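A short worksheet on the structure shown next.
The values are calculated or read from the model by the stated rules, or taken from the named source; none is laboratory data. All of these numbers come straight from a predicted model, not from anything done at the bench. Cβ: placed from backbone, ideal geometry, glycine included. Neighbour counts: every protein chain shown.
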Amino acid sequence: MSPGTKRLSLAALLVTVMLMLGYVESLIPTGVPGVKLGLSNSVLILVIVWLGIPWAVGLMLVKVLLSAFLFSGVGAMLYALAGGVLSLTAMCVLYRAKGFSLVTVAIAGAVMHNVGQVAMAMLVLGAEKLVYYMGVLMLVGIVTGFVTGSVARALVKRIPETLIPK
């Protein structure tokens, strides 16, 4: 099997895991509207580390598109896309800057995902008062980002780089 085929197979596996985690977390009640754990974010961090930023962009877009069609509906796609683009941008910038831990990268991604979704909601709904909800979402983003970043860091440490196709 060629290295390109191996990378494509790994990417397909990782996007499948992201979709499954997204579905599972949609079943977990958080008690706070709009709050999700962001479990698939840990997988997206792995994609950045193992396959690179172009793959991460592609897989984020595939995950948003498939999640909308399979689980949440096309209306939710705008919010997921806004959050995903802002989150991935922040994570890629910090990852490339070096010196930031994967936990810090994940926290920035989680916080920016919330910023993107609230900003989109403010635009679509014309509800500027949603900005007051950002305090809660920032705190949640820090906590969930810490968890997903810790998971990603542990996986990067424990899965030998020789298993990742180059």
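Remarks
- Summed over segment 14-30, the residues that are over 19 Å from F69 (Cα atoms) and of a type outside the set (V, I, T) give a count of 1.
The rows are residues; the columns are (1) under 13 Å from V35 (Cβ atoms); (2) surrounded by fewer than 18 Cβ atoms within 10 Å (Cβ to Cβ).
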{"position": "M112", "(1), (2)": "no, no"}
{"position": "G116", "(1), (2)": "no, no"}
{"position": "M122", "(1), (2)": "no, yes"}
{"position": "A127", "(1), (2)": "no, yes"}
{"position": "Y132", "(1), (2)": "no, yes"}
{"position": "L139", "(1), (2)": "yes, yes"}
{"position": "A154", "(1), (2)": "no, yes"}
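- Residue within segment 144-151 that is aliphatic (A, V, I, L, M) and within 19 Å of E25 (Cα to Cα) present: yes
- Taking the listed residues G4, G31, the one that is closer than 25 Å to I142 by Cβ and out of contact with any helix residue (DSSP H, G or I) (no Cβ under 8 Å at 6 or more places or on another chain) is G31, with no other qualifying.
- Search result, residues across segment 14-70 that are over 18 Å from S87 (Cα atoms) and hydroxyl-bearing (S, T, Y): T16, Y23, S26, T30
- Only residues that are surrounded by fewer than 22 Cβ atoms within 10 Å (Cβ to Cβ) and among the β-branched types (V, I, T) were counted across segment 46-60, and they come to 3.
- Selection count, segment 63-94, where residues are touching a residue at least 40 places away in the same chain (Cβ under 8 Å), over 17 Å from V115 (Cβ atoms) and surrounded by fewer than 17 Cβ atoms within 10 Å (Cβ to Cβ): 4
- Yes/no for G31 being touching a His at 6+ places or on another chain (Cβ under 9 Å) and either outside any helix (DSSP H, G or I) or at pLDDT 90 or above (or both): no
- The single condition among (1) touching a Leu at 6+ places or on another chain (Cβ under 6 Å); (2) surrounded by 20 or more Cβ atoms within 10 Å (Cβ to Cβ) that F100 does not meet is (2).
Per-residue answers, yes or no, for (1) within 20 Å of L94 (Cβ to Cβ); (2) of a type in the set (S, T, N, Q):
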| position | (1), (2) |
| --- | --- |
| V124 | no, no |
| Y133 | no, no |
| V140 | yes, no |
| T144 | yes, yes |
| T148 | yes, yes |
| A152 | yes, no |
| V156 | yes, no |
| I159 | no, no |
| K166 | no, no |
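- Any hit, segment 1-12, residues being part of a helix (DSSP H, G or I), over 19 Å from V151 (Cβ atoms), among the small types (G, A, S) and at pLDDT below 85: yes
- Candidates A152, A119, A127: the one that is closer than 21 Å to M77 by Cβ, touching a residue at least 24 places away in the same chain (Cβ under 8 Å) and of a type in the set (G, A, S) is A119.
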